[in-house]
Amino acid sequence: MTGFADETYIDVSSGKGGDGCVSFRREKYVPKGGPDGGDGGRGGDVIFVVRENLKTLVHLRNKRVYRAENGRPGMGRRKHGRDGNDAVIEVPPGTLIKDAETGRILKDLTELDEKWIALKGGDGGNGNWHYKSSIKQTPRYAQEGRPGEECRYHVELNVIADAGLVGFPNAGKSSLLKKLTNADPKVGAYAFTTKIPNLGVLNYGYGHAVIADIPGIIEGASHGAGLGIKFLKHISRTSVLIFMIDLSDDKFLDAFELLLEELDQFSPVLAAKKRIIVGTKLDLDETAQNLSELKKKLPGEDVIGISTFSHIGMDVLKNKIAELVSGN
């Protein structure tokens, strides 16, 4: 799974405010000038920004510490110290920011170019000119800048998609994604071809749907077996699930119930989403009969037979996905 990362921990801190300055006006012919110490600059903030071009969190694994710049101290002649630069952390859409100690979700970043100020920098201290009064003409003190904040975050990516493909290894998920969308996932005639979530866009009419393909689920996935459980969270945001059943497999009649059970063990909310049952590899011998048997066993479900090789049923499936995603 080189190049893909869906969670990591980072340490961040905002900048300290710059100290106020103690200074007195010193000019020719002004032997007793008053206080003119400037204010310190504000410390930089820690800001998360959502970027469309990012798909994983691998860049955060390569750099785990982010520190905003401290504000600069004030100067004479009431010159304000420079504000510290912000620490800007770019993340992909669908990123959750959690407190590393408690696990509490602090922010769910979903919108493109969305910004969230996680930690604010400390305010700069006042220079001594603020403290001049009729009683105190020459104050020799200034305010220190306020400290910044620091925190450890658990950053987690949950892919944003409208529909998710669910199935056992080698059920044809990657082939379907390739036919339906502009994605180009790795396709092979062996289990676990897919090692990372893949996304594609299905265009229909005046709309579109983002479809996610995750690694195949195996029995016991909800208890940690195989690759699928690690990525089930990536279909947690979907509105529609597409269950892929290999009609050429000997256990095709039991596949849907097994998949649904694994999803229910992981999340009852996930298992209750709108769904389509797709019987694949309809171009092979005896699969047409198997499709009929599957429809009889699941009378209350939308069961569609397809072949990505011969294009059987693909238009029907596209229309059904568009219908469920758009809510019509």
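Sketch the reach of a paramagnetic label on LYS296 as a point 7 Å from Cα along Cα-to-Cβ, and name the residues of segment 233-263 whose backbone nitrogen lies under 16 Å away.
Correct set: 252-254.
How many nm separate the modelled label positions at GLN137 and ASP254, each set 7 Å beyond the Cα in the direction of the Cβ?
9.8 nm
Step through the table entries LYS295/LYS320; LYS173/LYS296; LYS179/LYS281; LYS173/LYS320; LYS115/LYS178; LYS28/LYS132, compare each Cα-Cα distance with 25 Å, and write down the pairs that go over it.
LYS115/LYS178, as the Cα separations exceed 25 Å there.
Express in nm, to one decimal, how much length is gained between VAL65 and TYR204 on full extension, taking 0.36 nm for each residue of separation and deducting their alpha carbon distance.
45.7 nm
Give me the one-decimal nm value for the distance between modelled label points at VAL49 and ALA100, 7 Å along each residue's Cα-to-Cβ direction.
A separation of 2.4 nm, rounded to one decimal place.
Could you list the trypsin sites (Lys or Arg not before Pro) in segment 90-149 that lie in coil according to DSSP, counting only those with at most 16 other Cβ atoms within 10 Å of their Cβ?
Within segment 90-149, the qualifying trypsin sites (Lys or Arg not before Pro) (loop, at most 16 other Cβ atoms within 10 Å) are ARG104, LYS132, LYS136, ARG140.
Choose one answer from SER174, SER23, SER134: the residue with the largest mean-square fluctuation in a GNM of the chain with alpha-carbon springs under 10 Å.
Result: SER134 has the largest fluctuation of those listed.
Can you list which of the chymotrypsin sites (Phe, Trp or Tyr not before Pro) found in segment 2-111 are DSSP loop residues with at most 16 other C-beta atoms within 10 Å?
Filter output for segment 2-111: PHE4, TYR29.
From the residues SER248, VAL88, ALA142, which one has its Cα farthest along the dipole of the chain in the positive direction, the dipole being from +1 and -1 charges on Cβ of Lys/Arg and Asp/Glu about the Cα centre?
ALA142
Counting only GluC sites (Glu not before Pro) that sit in a DSSP loop (anything but H, G, I, E, B) with at most 11 other Cβ atoms within 10 Å, what is the longest stretch of the chain containing none of them?
Between the exposed loop sites, the longest stretch runs 112-285.
Roughly how tilted is helix 287-297, in degrees to the nearest 10 and between 0 and 90, from the longest Cα axis of the chain?
70 degrees
Mind telling me which of SER175, SER248, SER292 comes out most flexible in a GNM of the chain, alpha-carbon contacts under 10 Å?
SER292
Say each of GLN289 and ASP108 gets a label point 7 Å from the Cα, pointing the same way as Cα to Cβ; how far apart are those two points in nm?
Simple spin-label model gives 4.8 nm for this pair.
Once you keep just the Cα pairs under 8 angstrom separated by 6 or more residues, what percentage relative contact order results for the chain?
Once normalised by length, the contact order is 16 percent.
Values quoted throughout were computed directly from the atomic coordinates according to the rules given, and no laboratory measurement underlies them. Quick caveat, the model's predicted, so the values are computed rather than measured. Glycine also receives a Cβ, built like all others from the backbone with ideal geometry; neighbour counts cover every protein chain displayed.
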